[in-house]
Amino acid sequence: MTLHGAIMVFAGIGFGIAVFRAGVLPSWTGPALGVGVALVAATQTAPEGVQLLAAAIRDLGFAGMGLALLRSRPIGRPLDGRLATSQ
């Protein structure tokens with residue numbers, strides 16, 4: 001593993017822990033990301049199907065985060081979608 005690969009693994013695991021602890025995004029997405037990143041690194045020499053499964057776990061975490069963000073309502077925006085104007 002290269003140096004930048006190791007940094008990527010530690011960063012992915014750290015981000016997964018941060019997502020889990022923050023409690024802002026769905027709690028399962030953090031561990032899915034962290035485990036998936038570690039598995040991607042660990043399966044570099046494994047058969048292609050195993051590598052694909054590892055990447056799918058990581059990508060499922062990212063997809064869950066993205067879906068949660070797309071479904072959320074921005075803070076301060078009313079439910080009808082209009083911005084409040086000061087008078």
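Read-outs: derived from the displayed coordinates by stated rules, not from any lab. Everything numeric here is computed off the predicted structure, so don't read it as measured data. Cβ coordinates were reconstructed from backbone atoms using ideal geometry, including for glycine residues, and neighbour counts include every protein chain displayed.
What do you reckon, is residue 29 surrounded by 16 or more Cβ atoms within 10 Å (Cβ to Cβ), hydroxyl-bearing (Ser, Thr, Tyr) and farther than 18 Å from residue 68 by Cα? So that I can check it myself, show each step before the final result.
On the way: surrounded by 16 or more Cβ atoms within 10 Å (Cβ to Cβ): yes; hydroxyl-bearing (Ser, Thr, Tyr): yes; farther than 18 Å from residue 68 by Cα: no.
Judged against the criteria, residue 29 is not a match.
Which residue is nearest to residue 72 (Cα to Cα), if the candidates are limited to the range 1-58 and must be in contact (Cβ under 8 Å) with a residue 40 or more places away in the chain and part of a helix (DSSP H, G or I)? Can you show your working first?
Of the residues in the range 1-58, the ones in contact (Cβ under 8 Å) with a residue 40 or more places away in the chain are 1, 12, 16, 19, 25-26, 41, 44, 58.
Checking which are part of a helix (DSSP H, G or I) leaves us with 12, 16, 19, 41, 58.
Working: 12: 23, 16: 20, 19: 16, 41: 32, 58: 22 Å.
The extreme case among them is 19.
Results for (1) under 10 Å from the mean Cα position of the chain (by Cα); (2) crowded, with 16+ Cβ neighbours inside 10 Å, shown as yes or no for each residue.
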site	(1), (2)
4	no, no
15	yes, yes
21	no, no
45	no, no
48	no, no
54	no, yes
62	yes, no
67	no, no
